[in-house]
1. I'd like to know if the stretch 48-64 contains one or more residues that are over 23 Å from E152 (Cα atoms) and of a type in the set (S, T, N, Q).
2. For D106, are the conditions met, namely being near the ligand (Cβ under 10 Å from one of its atoms), closer than 23 Å to D14 by Cα and free of Cβ contacts under 8 Å to residues at least 60 places away in the same chain?
3. Going by the structure shown, is S112 within 19 Å of P149 (Cα to Cα) and touching a residue at least 40 places away in the same chain (Cβ under 8 Å)?
4. May I ask you to verify whether T30 is surrounded by fewer than 18 Cβ atoms within 10 Å (Cβ to Cβ) and more than 16 Å from the ligand (Cβ to nearest atom)?
5. Looking at T123, T150, which one is within 11 Å of the ligand (Cβ to nearest atom) and under 19 Å from N97 (Cβ atoms)?
6. Within the stretch 15-22, identify whether any single residue is of a type outside the set (S, T, N, Q) and either in contact with a Pro (Cβ under 7 Å, 6 or more places away or on another chain) or modelled with pLDDT under 95 (or both), and answer yes or no.
7. Looking only at the stretch 129-143, which residues are within 12 Å of the ligand (Cβ to nearest atom), over 14 Å from L110 (Cβ atoms) and not polar (S, T, N, Q)?
8. Taking only pairs six or more apart or across chains, which ones have beta-carbon atoms under 8 Å, a first residue in the stretch 73-102 that is more than 15 Å from H139 (Cβ to Cβ), and a second residue that is among the basic types (K, R)?
Amino acid sequence: MNSSKFYQHINKRDISVAYLIPSPLYPEITGVVFFYDVPGGTDVYVEVDGLPKYQPGTDTQPPIGPHGFHIHEVGQCTILDPTDPFQSAGEHWNPDNQPHGNHAGDFPVLFSNNGYFRMKFFTNRFKPKDVIGKSIIIHLHPDDYRSQPTGEAGKRIACGVIVPLK
Ligand SMILES: [Cu+2]
């Protein structure tokens, strides 16, 4: 029995969550990602604030935003190198050995609305419990869904370890 008098149709055992930690380069970022068990897969709900302002690309620099967004294989959001943080999260989670663009945790990009973003989408590639112990990464640049193995999405600007909802 769920302890809350509301939302009794939602069983907490079927929800995973990642609370985002900002890169030292973008310390204003806050956010959360929820994974809800639904028939046939998972609804992913993302809400983020403090994203950097969009900047168009130049001859030498890709655009800042929309932001690449993926599940990475290691549930460790350690900053390590502050100029290139969160390498601790490892590479993209890729349980069925697909090319980038079709990794199980290749997600839609995040469009900043003056720093704020939210979205909910469905995936049939996993259930919330399958991604516990992995991590969520937001990147500085767009994902081209084509370059291997990371989509050229650039630095990691936020990271969150995926855990069961308490
Ligand atoms: Cu990534």
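1. No.
2. yes
3. No, not satisfied.
4. It is true that T30 is surrounded by fewer than 18 Cβ atoms within 10 Å (Cβ to Cβ) and more than 16 Å from the ligand (Cβ to nearest atom).
5. Testing whether each residue is within 11 Å of the ligand (Cβ to nearest atom) and under 19 Å from N97 (Cβ atoms) leaves just T150.
6. Yes - at least one qualifying residue is present in the stretch 15-22.
7. K134
8. The qualifying pairs are E73/K134; V74/K134; G75/K134.
The values are calculated or read from the model by the stated rules, or taken from the named source; none is laboratory data. Note that the structure is a prediction, hence the values are computed from the model and not measured. FYI the Cβ positions are ideal-geometry reconstructions off the backbone, even for glycines, and counts take in every protein chain you see.
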